[in-house]
Amino acid sequence: MDRLSEMVRRLADGDIEFVIVGGYAVVAYGASLQTQDLDVCCRFSPESLRQLARVLSDVHPRHRMTLQKLPLEMTDELASRMKNLYLDTDLCALDCLSEVAGIGGFEEVLRNSIEIAMPPGKCRVLTLEALIRAKETMGRAHDKVAVLQLTAIREKLAPRSQPPP
């Protein structure tokens, strides 16, 4: 199992409530992009973040956006003021987001997600429409490429109004 799949399995087995929202979600729909990290939207309550820290403890999570690359130590004070969590782990980079641009906070992301079968098992990903909206909102070069591929996938999946000749 690749490292991203192993991280998804670990989060699911650890009872972390999450939705896959980034490049791994794009790939789950069949796009030919590659991704090196896992982007998830999750509940940012102190309890959820402490559980996340416990689930990740043996893969040595470190804050990716700090010069010192400090180890993750989840305190109630830290958990109460966090909006996003960008980590390096022994498995992969993991970005935990409290909201997704173009969609909203975790509850809205959850409403705009579906459960699909993936290599590590069933998990939630943004719907195709929500993923396109999120990628359009972000507007970075690689997001624009993802939108092109996701739009083509949507067109192939769309039922035709008339049968082909």
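Looking across region 1-40, just one residue is closer than 25 Å to Arg54 by Cα, among the β-branched types (Val, Ile, Thr) and assigned to a helix (DSSP H, G or I), and that is Val8. Restricting attention to region 1-56, the residues that are hydroxyl-bearing (Ser, Thr, Tyr) and in contact with a strand residue (DSSP E or B) (Cβ under 9 Å, 6 or more places away or on another chain) add up to 4. Identify the residue in region 64-87 that is more than 17 Å from the chain's Cα centre (by Cα) and not in a loop (DSSP other than H, G, I, E, B) and, among all such residues, is nearest to Glu17 (Cα to Cα). Out of the qualifying residues, it is Ala79. If you go through region 105-115 one residue at a time, do you hit one that is among the β-branched types (Val, Ile, Thr), crowded, with 21+ Cβ neighbours inside 10 Å and not in a helix (DSSP H, G or I)? So far as region 105-115 goes, no, none of its residues is among the β-branched types (Val, Ile, Thr), crowded, with 21+ Cβ neighbours inside 10 Å and not in a helix (DSSP H, G or I).
Screening the candidates Leu94, Leu67 for the property of being surrounded by fewer than 17 Cβ atoms within 10 Å (Cβ to Cβ), out of contact with any Pro (no Cβ under 6 Å at 6 or more places or on another chain) and aliphatic (A, V, I, L, M) yields one hit, Leu67.
Count of region 36-49 residues, restricted to those that are over 15 Å from Ala12 (Cα atoms), surrounded by 15 or more Cβ atoms within 10 Å (Cβ to Cβ) and among the charged types (D, E, K, R), is 1.
A search for C-beta distances below 7 Å between a residue of region 49-73 that is under 15 Å from Leu91 (Cβ atoms) and any residue that is of a type in the set (Lys, Arg) and exposed (fewer than 13 other Cβ atoms within 10 Å of the Cβ), counting only pairs 6+ apart in sequence or on different chains, returns Arg62/Lys69.
Take Leu78 and tell me if it is closer than 20 Å to Pro120 by Cα and either touching a Phe, Trp or Tyr at 6+ places or on another chain (Cβ under 9 Å) or not aromatic (Phe, Trp, Tyr) (or both). Walk me through it before giving the result.
Working: closer than 20 Å to Pro120 by Cα: no; either touching a Phe, Trp or Tyr at 6+ places or on another chain (Cβ under 9 Å) or not aromatic (Phe, Trp, Tyr) (or both): yes.
For Leu78, the condition - closer than 20 Å to Pro120 by Cα and either touching a Phe, Trp or Tyr at 6+ places or on another chain (Cβ under 9 Å) or not aromatic (Phe, Trp, Tyr) (or both) - is not met.
Residues in region 96-131 that are farther than 27 Å from His63 by Cα, of a type in the set (Asp, Glu) and without any contact (Cβ under 8 Å) to a residue 12 or more places away in the chain: Glu115 only.
A short reminder: the numbers here are calculations on the coordinates, not readings from a lab. In this text, all values refer to a predicted model and were calculated from it rather than measured experimentally. Heads up, the Cβs are rebuilt from the backbone with ideal geometry, glycines too, and the neighbour counts pull from every protein chain shown.
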